[in-house]
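The values are calculated or read from the model by the stated rules, or taken from the named source; none is laboratory data. Bear in mind that the values here come from a model prediction, so they are computed numbers and not experimental data. Cβ sites come from the backbone with ideal geometry, for glycine too, and all protein chains shown count toward neighbours.
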Amino acid sequence: MIRKRTVQFLLALLFLFAGQLHAADFPPTPTTLDGVEIVDADYMFQAMESEAALIVDARKPHAFKSAHIPGAVFCAPHSSKADLGANEVDAAVAFMHSCGEVMQADRGKEAIVYCASARCWRSPKAALALKKIGFTNVKWLRDGMKSWEKNEFPVE
């Protein structure tokens, strides 16, 4: 018979690793998005230095507060679900309306969105939402903050 303490230990292990297992469940994001150009960290660095682009951080709030690309504004869709269907994008559009700096920006200005990595589904949703609200020059750093940090570019 399995002892109560053994069951408690196994349950504790299950909960400990559940978050890590869940993160591994996210498939990679698409390699293309209609009407959105995918850029690399070098391109993003040049855009950051020129201060000409609207840079949108679509990561979770605590990640943004911890470190972000200089000049970036925080505006992250709530859903991280691996789905770019109409309902998910419409929800991202609705959330964008609460992001003052995004909504006040010139729609013709270059807008570049990023998230944590190529497995983060918030940034492609944000990119498609920007297109839907009228931004005409949307770009996506698909490999996200992971590629930015790999290149040892500055953070705030």
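Tabulated data for the structure shown
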quantity: Helices (runs of 4 or more DSSP H) completely within segment 1-73 that count 1 or more residues being at pLDDT below 55 and among the basic types (Lys, Arg); calculated: 4-24
quantity: In segment 122-156, the residues that are aliphatic (A, V, I, L, M) and more than 24 Å from Val89 (Cα to Cα); calculated: Val155
quantity: Pairs with Cβ under 9 Å, 6+ apart, first in segment 61-87 and within 21 Å of Phe153 (Cβ to Cβ) and surrounded by fewer than 12 Cβ atoms within 10 Å (Cβ to Cβ), second at pLDDT 95 or above and of a type in the set (Phe, Trp, Tyr); calculated: Lys65/Phe74
quantity: Pro28, sole failed condition from (1) touching a residue at least 40 places away in the same chain (Cβ under 8 Å); (2) closer than 22 Å to Glu156 by Cβ; calculated: (2)
quantity: Answer residue from segment 112-156, given it is surrounded by 18 or more Cβ atoms within 10 Å (Cβ to Cβ) and aromatic (Phe, Trp, Tyr) and is farthest from Gly85 (Cα to Cα) among those; calculated: Trp148
quantity: Filter result for Asp42 (charged (D, E, K, R), touching a residue at least 40 places away in the same chain (Cβ under 8 Å) and closer than 14 Å to Cys115 by Cα); calculated: no
quantity: Meets criteria (in contact with a strand residue (DSSP E or B) (Cβ under 9 Å, 6 or more places away or on another chain), closer than 22 Å to Lys146 by Cβ and of a type in the set (A, V, I, L, M)) for Ala105; calculated: no
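Results for (1) under 19 Å from Glu51 (Cβ atoms); (2) of a type in the set (Phe, Trp, Tyr); (3) out of contact with any Pro (no Cβ under 9 Å at 6 or more places or on another chain), shown as yes or no for each residue.
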{"residue": "Pro70", "(1), (2), (3)": "yes, no, no"}
{"residue": "Ala76", "(1), (2), (3)": "no, no, no"}
{"residue": "Met96", "(1), (2), (3)": "no, no, no"}
{"residue": "Gln104", "(1), (2), (3)": "yes, no, yes"}
{"residue": "Glu110", "(1), (2), (3)": "yes, no, yes"}
{"residue": "Thr136", "(1), (2), (3)": "no, no, yes"}
{"residue": "Lys146", "(1), (2), (3)": "no, no, yes"}
{"residue": "Val155", "(1), (2), (3)": "yes, no, no"}
